[in-house]
Structures are given as C-alpha cells and as structure tokens.
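Notes follow once the structure below has been shown.
The values are calculated or read from the model by the stated rules, or taken from the named source; none is laboratory data. Note that the coordinates shown come from a computational prediction; the quantities given were computed from them, not determined experimentally. Neighbour counts are summed over all protein chains in view; Cβ atoms, including those assigned to glycine, are modelled from backbone coordinates with ideal geometry. The accessibility values were calculated without ligands, DNA or RNA, using every heavy atom of the protein model including side chains. Shrake-Rupley method; radii C 1.70, N 1.55, O 1.52, S 1.80 Å.
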Amino acid sequence: MKLYGSFTSPYVRHCRIALLESRLDCQFIETDQVSSAKLSPTKRVPFLHDEELSLTDSSAILRYIRQKSSKTCLDTVIELDQFCMINTALDSSINLFFLSRDGVDIERVDYTIRQAQRIKTSLAEFEKLELPLHGPFNDVQLRLGCFLSWAVFRQRINIEDYPKLTLFLAAIEKEPFFIETAPPA
Ligand SMILES: N[C@@H](CCC(=O)N[C@@H](CS)C(=O)NCC(=O)O)C(=O)O
C-alpha cells in the first residue's frame, strides 16, 4: 500500500494519523503538485494505491484504512455531517490560501468574501461541539484538529475568541500521533 502526499496537507495528515493508529504497512511517498498532477486525476493529495485499488480522496482513504484495521469510521449521520462541515471549512480555507498566494485580492471578490464568512460561521458552530481534552479522538475530532492546526499555522484563522477550540487544539497537539505528523518546522 502506498500513500502519496505532502507533509503539510491537513487531509494527508489525518490519513497518516489513521495509518499510525492502524499499524498497517504503508509506504509514504512525498508528492508535490507536479507529481500529483501526473499521478492523480484530481491533481491533489492525498491519493492511495493498493495493488489494483486507487483512491483519490482523504475521506475514502480514511474509510479504507479504518475498514482494513477493523475499526469503525463516522458511524452516525450526525458524525458524518460534522466531518463534512469541517471539510467544507477546510476546503474554503485552502482555496483562500492558494488564491491569496496567487495574488487574488480575496477581500474584494464576492465569492471569496463568502468563503471567509463560511469559515467564520463554521468556527462558531465547531465551538458548540463537545470536544474532549484527551484521546482517544474519533475521526470528527481528528479532522477538526488537522483543520485548526493547519489554518492557525498558515494564519488563515485566529481562534483566540473560541476558548473551547483553543483548549481542544492545545490538547490534541500533545497527542503522540499528532506530534509525529506535525509539518516540519
Ligand atoms: N477533498 C480532498 C481535498 C484534497 C486537497 O485539497 N488537497 C490539497 C492539498 S491540502 C491539494 O492537493 N491541492 C492542490 C491543488 O488544488 O492544486 C481530500 O479530502 O482529499
């Protein structure tokens, strides 16, 4: 089994955490945008190859890893919805990050203004979740941790006004698998 990705992607990070938890044998292949454009139809990371199987999205990869290690993944409709909401906020944050890097004035375009508002209202919603301050963390909590950690690191969000999220991020960042998958300084 081969997982392709970067050390900075929050989607890849969640898959790497699931792999560490599963102890499955998997080779990690560091992949930049040029290689992912050649090797995956979505031109994004992560993607996974396991013999004939080819997966192109972190959610499918996560489910595959959990299934292969006899673990459950996003059991209830509510958990699935929370996971999707975190992905939506993460997708918006990443879009804004890449657009700003490419010189788009994201504060002047209606579409990007809506994306920024979506991140804000999503954070307020995440603040209402019941969040544990120690492991084991489920896949909603791991995805939230990967999102917050990336978005704070890339200065896409400020969570000072969200005390529960601040405490949660500090707690999850102390977990061994989270430390092991932290982006290189
Ligand atoms: N829905 C996808 C999103 C993956 C994604 O957006 N990956 C980013 C890296 S964090 C990427 O490869 N972006 C390159 C691009 O969009 O050109 C997943 O969950 O795997």
Please work out if Val34 is within 13 Å of the ligand (Cβ to nearest atom), under 23 Å from Arg154 (Cβ atoms) and not in a helix (DSSP H, G or I).
no
The lone exception for Ile179 - which of (1) within 18 Å of the chain's Cα centre (by Cα); (2) open to solvent by less than 20 Å² (accessible area, probe 1.4 Å); (3) of a type in the set (Val, Ile, Thr) it fails:
(2)
Regarding segment 73-81, can at least one residue be identified that is open to solvent by less than 40 Å² (accessible area, probe 1.4 Å), closer than 27 Å to Ile157 by Cα and within 11 Å of the ligand (Cβ to nearest atom)?
no
Surrounded by 15 or more Cβ atoms within 10 Å (Cβ to Cβ) and within 14 Å of the ligand (Cβ to nearest atom) - does that describe any residue in segment 105-114?
no
Evaluate the following for Ile94: is it within 8 Å of the ligand (Cβ to nearest atom) and either buried (at least 19 other Cβ atoms within 10 Å of the Cβ) or among the charged types (D, E, K, R) (or both)?
yes
The listed residue being open to solvent by 100 Å² or more (accessible area, probe 1.4 Å) and part of a helix (DSSP H, G or I), out of Gln155, Gln117
Gln117
Pick from segment 5-25 the residues that are open to solvent by 40 Å² or more (accessible area, probe 1.4 Å) and more than 10 Å from the ligand (Cβ to nearest atom): which of them is farthest from Leu148 (Cα to Cα)?
Asp25
For segment 37-58, name all the residues that are in a loop (DSSP other than H, G, I, E, B), within 26 Å of Leu144 (Cβ to Cβ) and more than 6 Å from the ligand (Cβ to nearest atom).
Ser40, Thr42, Thr56
Test Ser40 against the stated conditions and say whether it is open to solvent by less than 40 Å² (accessible area, probe 1.4 Å) and over 25 Å from Pro176 (Cβ atoms).
yes
